[in-house]
Amino acid sequence: MEQYALEQLKTVAKISTSLKRLELTRRERIERWAESLERSPKPFLKTLHETEYQPIADRIALRDDDTPISVAFADPILRAAGMENDSYGEAKRFFELSDEQLHELVCFCHFGESVSAAAVARRVRRMADPRPSGFFAQLRAFFS
């Protein structure tokens, strides 16, 4: 693949240097992540080790290839919406998840070395729906 300087490209193509960010709601971003996981060419993905025990600075930087987070980052729609990399900290920021929620999705202690992309997709979808699930949770919500 040949590389050209921006000035060289301007002589043969119209170049726009401004890119408007795609606006997606939190729910749309999370739903798109679930869809990306369901389409993943790899049926099993790597997990991240001991996310809950890492110092905050290390936890934020955690990443690996072929994780549920890297599947999200590979999606061009999520990148256009502002996902900047495939780190734990970026997933937390971009999807507006707590450490506990993200831990439930990507940590080794829940799944072992690898996890089914479909299993993570189901968990991600549950996080997109703010309604309480389960009989007692619905009963509590009804009476509150």
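Each reported figure results from applying straightforward, stated rules to the coordinates on display, with no laboratory input. All figures in this text were calculated on a predicted structure; none of them were measured in a lab. In this analysis, Cβ positions are derived from the backbone assuming ideal geometry, glycine residues included, and neighbour counts consider all displayed protein chains.
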Practice problem: Kindly indicate whether Ala34 is part of a helix (DSSP H, G or I), small (Gly, Ala, Ser) and within 13 Å of the chain's Cα centre (by Cα). | Solution: yes
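Applying the selection to segment 51-61, what residues are among the aliphatic types (A, V, I, L, M) and in a loop (DSSP other than H, G, I, E, B)?
Of all residues in segment 51-61, those among the aliphatic types (A, V, I, L, M) come to 56-57, 60-61.
None - no residue of segment 51-61 is among the aliphatic types (A, V, I, L, M) and in a loop (DSSP other than H, G, I, E, B), so the list stays empty.
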Practice problem: For Val71, work out the one condition from (1) over 13 Å from the mean Cα position of the chain (by Cα); (2) surrounded by 14 or more Cβ atoms within 10 Å (Cβ to Cβ) it doesn't fulfil. | Solution: (1)
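Filter segment 62-85 for residues that are assigned to a helix (DSSP H, G or I) and under 16 Å from Lys46 (Cβ atoms) and give the result. It would help to see each step written out before you state the result.
Step one: list which residues in segment 62-85 are assigned to a helix (DSSP H, G or I), which gives 68-74, 76-80.
Matches in segment 62-85: Pro68, Ile69, Ser70, Val71, Ala72, Phe73, Ala74.
Regarding segment 86-93, can at least one residue be identified that is in contact with a Leu (Cβ under 9 Å, 6 or more places away or on another chain), of a type in the set (Lys, Arg), surrounded by 14 or more Cβ atoms within 10 Å (Cβ to Cβ) and not in a strand (DSSP E or B)?
Checked against the condition, which is being in contact with a Leu (Cβ under 9 Å, 6 or more places away or on another chain), of a type in the set (Lys, Arg), surrounded by 14 or more Cβ atoms within 10 Å (Cβ to Cβ) and not in a strand (DSSP E or B), segment 86-93 yields at least one hit.
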Quiz item: Only one of Leu105, Leu62, Leu97 is free of Cβ contacts under 8 Å to residues at least 40 places away in the same chain and in contact with a Pro (Cβ under 7 Å, 6 or more places away or on another chain); which?
Solution: Leu105
Practice problem: Have a look at Glu38, Glu52 and point out the one that is surrounded by 15 or more Cβ atoms within 10 Å (Cβ to Cβ) and in contact (Cβ under 8 Å) with a residue 40 or more places away in the chain. | Solution: Glu38
